[in-house]
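Engineer: I'd like to ask you about the structure that follows.
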Amino acid sequence: MAFEQDFARHRRRARRVFAAVSVVLAVLFLLTAEASNFFKITQVTLADGSRAERWVIGAGLPRLGEYIAKTIPDLGWATLGGDIATWFARWQIWAVLLLETILIAFMATVLGVIGGFILSFPASRNLAPNRWILWLSRRYLEIARTVPELVFALIFVFCFGIGPMAGVLAIGLHTAGALGKLYSEANENIDMRPLDGVKAAGGSWSDMIRYGAVPQVLPNVLSYTLLRFEINVRASSIIGYVGAGGLGQEFRTAMSYQEYTDLSALFVIILVTVTVIDRLSEMLRHRVIGLEARA
Amino acid sequence: MDRPVLSLSGLGRTFGTTRAVDAVTLDIRPGEFVGVIGRSGAGKSTLLRLINRLIDPTAGRITFGDTDVTALRGRELRHWRRDCAMIFQQFNLVERLDVLTNVLVGRLADHGFLASMAMRFTDAERTMAIRALDRLELAPQALQRAGTLSGGQQQRVAIARALVQSPRIMLADEPIASLDPGNATRVMEALRSINRDDGITVLVNLHTLDTARTYCSRIIAMRDGRAFFDGTPRQLTNDVVRDIYGTDGLTGFDEAVTSTRARPPRLRETA
């Protein structure tokens, strides 16, 4: 009896909590939808030229199809070779820019890994030599990763001029912030006993890190780094939009000259590149993990 | 023989409100083989960590000859840690590094920043490490990863690491608590050989009374952070033991229950 009463009370409470949470979430959802103009009514011109009131989503969706339709090139079976040649007419420029895009991603990843790796140790709660260094390095990494690459790129284009240099620095800085955070989380999960052993043998703080911590986190570091390279290829393909080198500048040119088919060609190039690099780095990561498991 | 004496005077360490080590005053003479016994939580580990300066005391002083150990900072502190090597219950090796590098960690106190970051060691240091490993019968495993060795082998690697520090004192914190009887005996024999053949002072925490009686020339018992008994194994009578461990209603006390004894093999004497 007592148990059944208890159980019923328990059930009632769980239901009340569920209902309350649902109501709160629904209200939040409606508020954000309203704030983002989800319920806006807009005027549209109908086919016969008259004006009408329509819900914004209903009015806008057809235009998405329109835009995509514009970017699709004219490809005919009979003239396929020639059509593709026209579609990719600027391939020589794009090939050079694609190479530049990948090189920007590579350089930026290298710089970011160096910065993030070194800073991840003072930014780990269990390894920082004191609270001030922990605080400083954590704030630095936070700033580096919260500011988007595009914003850094705008600043660096202003400082160092238009070109890949600005892109490398922008993505590199952001990468250092993002990787430093991931690395430091890996650092915080290590076994501290080897570090005690190094310390007890007379090793300095850097010896403790080099001999005690680094061997433990190395597989994680490798895996995160490859993952980051994939992300950076995507980032460097758009960063040229603000003049920081790579394919992105062609997006801007194509949009301002309304060369819609160029956009789809660029999209295809980036899709293929990113897919290929994703696959390669995934294979490499699995190799690393596989080696790890066997050793 | 004017080798320095290790003196603790009024040494204490509090964690929050707990007095882990409370006003311990002791003299450890060179060449002694001292066993520290006591219940879990009696402050044995803290005492050893205080001596090695892995943790700082909240009261009292440690001196070694004319050196005030409690005042050491920076490079001098690191040299003190080198001179007073430490072995841990869980070995504290870097499992992902090879055995040889693990032993060479014992040489880091004398290394500069760049050489140590590049893991560069001299031929002389490598020779020293191999000798130490050979003495502990582990030379064939030198290039294996430390994590692939058994517990007993790992503890002997840790002893080799301590040996290449060329220490004057060797501290061992429950070195055989996670080992089977055979390996425990080999480790204790190694410590005995280091004490007798190399003249290194050994201070070892033990939780098995018969091991302490077999190997130690002097036994210190700790209770609630204080040095409760200090004497020869012979002076450690059953009444004293009952006081140390506070057997709470247990009428008998059988040392064989906790025994990890096995027949000692002869350890090679080299180096």
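Engineer: Given the options A:T146, A:T79, A:T101, which has the most mean-square fluctuation in a GNM of chain A, springs set between C-alpha atoms less than 10 angstrom apart?
Structural biologist: A:T79
Engineer: Something else now. Are there chymotrypsin sites (Phe, Trp or Tyr not before Pro) in segment A:48-142 that DSSP puts in a loop and that have at most 10 other Cβ atoms within 10 Å, and which ones?
Structural biologist: Qualifying residues, ordered by number: A:W77.
Engineer: Suppose every Lys and Arg Cβ carries +1 and every Asp and Glu Cβ carries -1, with no other charges. What dipole size does chain B come out with about its Cα centre, to the nearest 20 debye?
Structural biologist: Using Cβ point charges on Lys, Arg, Asp and Glu, chain B gives about 420 debye.
Engineer: Under a 1.4 Å probe, what is the accessible area of chain A per residue, stated in Å²?
Structural biologist: Per residue, chain A has 61 Å² of solvent-accessible surface.
Engineer: Also, quick follow-up: Considering only C-alpha atoms, what is the centroid distance from segment A:225-295 to segment A:20-81, in Å?
Structural biologist: Value for the Cα centre distance between the two parts: 28 Å.
Engineer: Between segment A:130-182 and segment B:78-147, how many Å separate their Cα centres?
Structural biologist: With segment A:130-182 and segment B:78-147 each reduced to a Cα centre, they are spaced 39 Å.
Engineer: Ok, one more. In chain A, which whole DSSP H runs stretch at least 30 Å along their own axis (Cα) and average 0.0 or higher on the Kyte-Doolittle scale?
Structural biologist: A:2-35, A:91-120, A:164-187, A:214-238, A:260-294
Engineer: Additional query: Which aspartates and glutamates does B:K44 reach when only Cα atoms under 18 Å apart count, and residues fewer than 8 places away in its own chain are ignored?
Structural biologist: A:D196, B:D22, B:D27, B:E32, B:D56, B:D173, B:E174, B:D210, B:D224, B:D230, B:D243
Engineer: Any idea what the alpha-carbon Rg over 2.2 N^0.38 Å comes to for segment A:2-65?
Structural biologist: Cα-based Rg divided by the globular estimate yields 2.11.
Engineer: Quick check: from the Cα gyration tensor, does chain B come out rounded (a/c under 1.5), prolate or oblate?
Structural biologist: oblate
Engineer: I need the calculated FRET efficiency for the pair B:D224 and A:L136, taking r as the beta carbon distance and R₀ as 35 Å, to the nearest 0.05.
Structural biologist: Using R0 = 35 Å, I get an efficiency of 0.25.
Engineer: When the dipole is taken about the Cα centre of chain A, and only Lys, Arg (+1) and Asp, Glu (-1) are charged at their Cβ, what size is it in debye, to the nearest 20?
Structural biologist: Magnitude of the dipole: close to 1200 debye.
Engineer: Of A:W87, B:Q89, A:A178, which is farthest towards the positive pole of the protein assembly as shown's charge dipole, taken about the Cα centre with +1 and -1 on the beta-carbons of Lys, Arg and Asp, Glu respectively?
Structural biologist: Result: B:Q89, furthest along the dipole toward the positive end.
Engineer: Can I ask one more? 7 Å from Cα along Cα→Cβ at both A:L227 and B:L114: what's the point-to-point distance in nm?
Structural biologist: 3.6
Engineer: Using DSSP loop states and a limit of at most 16 other Cβ atoms within 10 Å to flag trypsin sites (Lys or Arg not before Pro), what is the longest stretch of chain B containing no flagged site?
Structural biologist: Free of exposed loop sites, the longest segment is B:121-260.
Engineer: Now for a separate question. Helix-derived [θ] at 222 nm for chain B: sum -39500 (n - 2.57) over DSSP H runs of at least 4, divide by residue count, nearest 500?
Structural biologist: Per the formula, -9500 deg cm²/dmol.
Engineer: Highest GNM mean-square fluctuation, chain A, Cα pairs closer than 10 Å: which of A:R16, A:R131, A:R252?
Structural biologist: A:R16
Engineer: Running a GNM on chain B with Cα contacts under 10 Å, which residue among B:D239, B:D134, B:D56 ends up with the highest mean-square fluctuation?
Structural biologist: Looking only at B:D239, B:D134, B:D56, the biggest GNM fluctuation is shown by B:D239.
Engineer: Hey, rough spin-label estimate for A:D83 and A:R279, points 7 angstrom out along Cα→Cβ, what's it come to in nanometres?
Structural biologist: 2.5
Engineer: Roughly what would the spin-label model give for B:R75 and A:L99, points 7 Å off Cα along C-beta, in nm?
Structural biologist: With each label point 7 Å from Cα toward Cβ, the separation is 5.1 nm.
Engineer: At 0.692 mPa s and 37 °C, plugging the Kirkwood radius over alpha-carbon pairs of segment A:93-294 into Stokes-Einstein gives what diffusion coefficient in µm²/s?
Structural biologist: The calculation lands on 180 µm²/s.
Engineer: For segment B:6-63 and segment B:157-222, what is the centre-to-centre distance using only Cα atoms, to the nearest Å?
Structural biologist: 17
Engineer: Based solely on its DSSP helices, what 222 nm [θ] is calculated for chain A when runs of n ≥ 4 H residues each add -39,500 (n - 2.57) and the sum is averaged over all residues, nearest 500 deg cm²/dmol?
Structural biologist: -25500 deg cm²/dmol
Engineer: While we're here: Just name one of B:G65, B:V103, B:A221: the one whose Cα is farthest towards the positive end of the charge dipole of chain B (beta-carbon charges, Lys/Arg +1, Asp/Glu -1).
Structural biologist: The Cα lying farthest towards the positive end belongs to B:V103.
Engineer: Out of B:G182, B:S7, B:A146, whose Cα points farthest toward the positive end of the dipole of chain B (charges: +1 Lys, Arg; -1 Asp, Glu; placed on Cβ)?
Structural biologist: Of B:G182, B:S7, B:A146, it is B:A146.
The values are calculated or read from the model by the stated rules, or taken from the named source; none is laboratory data. Nothing here was measured: the structure is a model prediction, and the numbers come from that model. Neighbour counts are summed over all protein chains in view; Cβ atoms, including those assigned to glycine, are modelled from backbone coordinates with ideal geometry. Just the protein is used for accessible areas: all its heavy atoms, side chains included, with ligands, DNA and RNA removed. Shrake-Rupley method; radii C 1.70, N 1.55, O 1.52, S 1.80 Å.
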